[in-house]
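Just so you know, all these numbers are worked out from the coordinates, no wet-lab data involved. Values in this document were obtained by computation on a predicted structure and should not be read as measured data. A quick note on method: Cβ atoms are made from the backbone with ideal geometry, for glycine too, and the neighbour counts reach across all protein chains shown.
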Amino acid sequence: MLDILKKTLFVGLGATVISAERLRAKLDELVDKGKISAKEAQEMTGKIMDEGKKEFEQSGQRVADMIDDMMRKANFARQKDLEALEERVQKLEAALSAQSVKSE
């Protein structure tokens, strides 16, 4: 399941990289034709890349939220659940040990 999600994210990232390359090529073409200036092309590339980065990060967060929700619904223990249980066990063992010492 996690493999599929990783592959999906990598495909999205790959598509983003390819899209960025195509974008640059198209903007360079417009610059060569004199339709926009090199500065305008650079600004447009920056804006589009920033927007793409934000969208990618938001998508990653949505995927992480979906996975977390699925884990909760499937009733799987998460790392933080295990850590909380370990802490409780250590406290109980310490309390039990302290009681044993008092009763001796």
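Relative protection proxy for 77-89, 20-32, from highest mean packing down: 20-32, 77-89 (other beta-carbon atoms within 10 angstrom). With neighbours defined as other Cβ atoms within 10 Å of a residue's Cβ, the residues 70, 44 order from fewest to most as 70, 44. The Cβ shell under 14 Å around residue 71 holds other residues with a net charge of 0, Lys and Arg each +1, Asp and Glu each -1. Taking amide hydrogens as placed 1.01 Å from N in the peptide plane, the amide H of residue 36 sits under 5 Å from those of 31, each at least 5 positions away in sequence or on another chain.
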